[in-house]
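Take a look at the structure set out below.
The values are calculated or read from the model by the stated rules, or taken from the named source; none is laboratory data. Keep in mind that this is a model prediction, so the values were computed, not measured. Here the Cβ positions follow ideal geometry from the backbone for every residue, glycine too, while neighbour counts run over all protein chains shown. In case anyone asks, the SASA skips ligands and DNA or RNA and just uses the protein heavy atoms, side chains included. Shrake-Rupley method; radii C 1.70, N 1.55, O 1.52, S 1.80 Å.
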Amino acid sequence: MQTEPPGFLSLSLSLSLTEKNKPKTCRSMICRTQICRSNNQWCTLISVTLFAVAFVAAVSYASNRLSLLSLPSSLSPWRWPSSSLSSFSIHSFNLHHQPPPLPPPLNPKTALYSMFHCDSDACKKQNGKMNKVVSRLIKELKDETLLRRSKKKKRDEKLEKVEAELARARVLIRDAGTNLSRSSYPLHDRDYVPHGSIYRNPFMFHRSYLLMEKLFKIYIYKEGERPLFHTGPTTNIYSMEGLFLNSIENDHNFKVSDPDKAHVYFLPFSVVMILDTLFDPIIRDKAVLERVIGDYVHVVSSRYPYWNRSLGSDHFMLSCHDWGPRATWYVHSLYFTSIRLLCNANTSEYFNPRKDASIPEINLLRTETTTITGGLPPSNRTNLAFFAGGEFHGKIRPLLFQHWKDKDEDIQVYEKVPNNVSYLDTMKRTRFCICPSGFEVASPRIVEAIYAECVPVLISQNYVLPFSDVLNWDAFSVQVSVSEIPNLKRILLGISEDKYKKLQENVKKVQRHFLVNNPAKRYDVYHMILHSLWLRRLNLQIYS
């Protein structure tokens, strides 16, 4: 069963009603009272009543904004916070052009501060420790909120300037969703045509992307030495770690040298390089992740004020290693509060799509992808479906092999392609490329299929698809549940020729968003990752 895409986040760090909010109402009440005092007692009574109503409203408003951190309870796109999180809720702005539907019940696996549940005694004992951590974090947020509400903390004018800039961006993005805005304020962009079913809302995405290019600033902590920091692999299945690190380090458009002007702060460690350098395959001491990442967060939080002022919520890390989520657990605020850009976007492992972002896993064998893209037109694609990969890699693939290996010439399933067969050429002449999850939910075959202009057939569980904030995956892929694997051929043959041509055409259109370019180009995979980060920061409100 596919997890619905996350949509625009609603992560908010907020304080109660500030002095900036209050005076406008209070001054009007005072003026009315003065005028009425010269008239009669009735006017005085009315003034007092109005003042009482305003006071109650202010208290109610402040109490609703009590929490520092809040998220909606739903994984579904464009929804408001659930009333079940009323003590941790604040309305966020909504990117979708339709009114938000009512949210479903809270899913404890994806709540901001998840409570861990299981049945076995050993699991309950372990999860009891984890739940204590969660409880401490919740208390920390409440205490910090009360401290700020009491005005014992000095206001941060530099932070307020950054927040004001983001507030203006939110308004402009909202306006892009209206028909009036589209006609009266067209956006001219030679690299983007704002239409097409591959986008959830092409106008709002376009407006958001342009604002990101204009405004978004990222500060990269300078601490840490190579190879554990500031570098990573640029080829193989973990290539996005090194490619992103290299790109952002050399990107003078988004990288800023003054941390006071930054919207987000990058922790530039590479999980792959930490494990390659320090992890002993015999001893298998996973605590190397705890020591390196824990020490790094301690260093930057001691030298700079930025981690502590936001409890780490405007800090982010990126990892494509299977242990990326595990690596963040050792710093609980990083795990629960910070933004995590992960290939292993598995909600059953507490990936939180309302603050974390799913990025594509790309098995890159060379730095340029333009030479491996393209394929035959639909009329020349003679293979119905194709997959090649390890049979016993995870729980889904054994079912695929059980039902389809050597069972039907139209569904070609191999553990390894024959010596005289080209893997890439086969994808380029295949109509549907099967992309089942392995041990981890992400599969590099998804991007390989998009490069080969082959319609991806997604078979996974609990996977949040990359860039699903803005991309409509139903327009260029086929999603099949695990239970439907025996009916795979019937499902694919049931897709009409017209619908297939539309799917395949959309695969070609969306390809640009998954391309790796050196140097990076607008709207490519690097910039789409940045946009996912930008979206999460937009719905994070930090009040000093």
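Looking at the range 443-454, is at least one residue open to solvent by 10 Å² or more (accessible area, probe 1.4 Å), in contact (Cβ under 8 Å) with a residue 40 or more places away in the chain, farther than 30 Å from Arg537 by Cβ and more than 30 Å from the chain's Cα centre (by Cα)?
For the range 443-454, residues open to solvent by 10 Å² or more (accessible area, probe 1.4 Å), in contact (Cβ under 8 Å) with a residue 40 or more places away in the chain, farther than 30 Å from Arg537 by Cβ and more than 30 Å from the chain's Cα centre (by Cα): absent.
Restricting the first residue to the range 128-151 and requiring it to be farther than 14 Å from Asn308 by Cα, which pairs with a second residue that is open to solvent by 60 Å² or more (accessible area, probe 1.4 Å) and small (Gly, Ala, Ser) meet a Cβ separation below 9 Å and a spacing of at least six or different chains?
These pairs meet every condition: Lys142/Ser87.
Can you tell me which of (1) buried (at least 18 other Cβ atoms within 10 Å of the Cβ); (2) out of contact with any Phe, Trp or Tyr (no Cβ under 6 Å at 6 or more places or on another chain); (3) not aliphatic (A, V, I, L, M) is the one Gln412 doesn't meet?
Among (1) buried (at least 18 other Cβ atoms within 10 Å of the Cβ); (2) out of contact with any Phe, Trp or Tyr (no Cβ under 6 Å at 6 or more places or on another chain); (3) not aliphatic (A, V, I, L, M), Gln412 violates only (2).
Could you list, in sequence order, the residues of the range 481-496 that are assigned to a loop (DSSP other than H, G, I, E, B) and either among the aliphatic types (A, V, I, L, M) or open to solvent by less than 10 Å² (accessible area, probe 1.4 Å) (or both)?
Residue satisfying the conditions is Ile495 alone.
What single numbered condition from (1) without any contact (Cβ under 8 Å) to a residue 24 or more places away in the chain; (2) more than 28 Å from Leu515 (Cβ to Cβ); (3) open to solvent by 30 Å² or more (accessible area, probe 1.4 Å) fails to hold for Glu349?
(1)
Name every residue in the range 200-229 that is over 21 Å from the mean Cα position of the chain (by Cα), closer than 26 Å to Pro444 by Cα and surrounded by 20 or more Cβ atoms within 10 Å (Cβ to Cβ), in order of residue number.
Leu228, Phe229
Which one of Glu241, Glu290 is open to solvent by 30 Å² or more (accessible area, probe 1.4 Å) and in contact (Cβ under 8 Å) with a residue 24 or more places away in the chain?
Glu290
Would you check which residues across the range 232-267 are part of a loop (DSSP other than H, G, I, E, B) and touching a helix residue (DSSP H, G or I) at 6+ places or on another chain (Cβ under 6 Å) and list them?
Gly232, Pro233, Thr234, Tyr238, His263
What number of residues in the range 502-538 are of a type in the set (D, E, K, R), in a loop (DSSP other than H, G, I, E, B) and either surrounded by fewer than 18 Cβ atoms within 10 Å (Cβ to Cβ) or more than 19 Å from the chain's Cα centre (by Cα) (or both)?
2
Somewhere in the range 152-160, is a residue within 23 Å of Asp356 (Cα to Cα), assigned to a helix (DSSP H, G or I), at pLDDT 80 or above and open to solvent by 30 Å² or more (accessible area, probe 1.4 Å)?
Scanning the range 152-160 turns up no residue that is within 23 Å of Asp356 (Cα to Cα), assigned to a helix (DSSP H, G or I), at pLDDT 80 or above and open to solvent by 30 Å² or more (accessible area, probe 1.4 Å).
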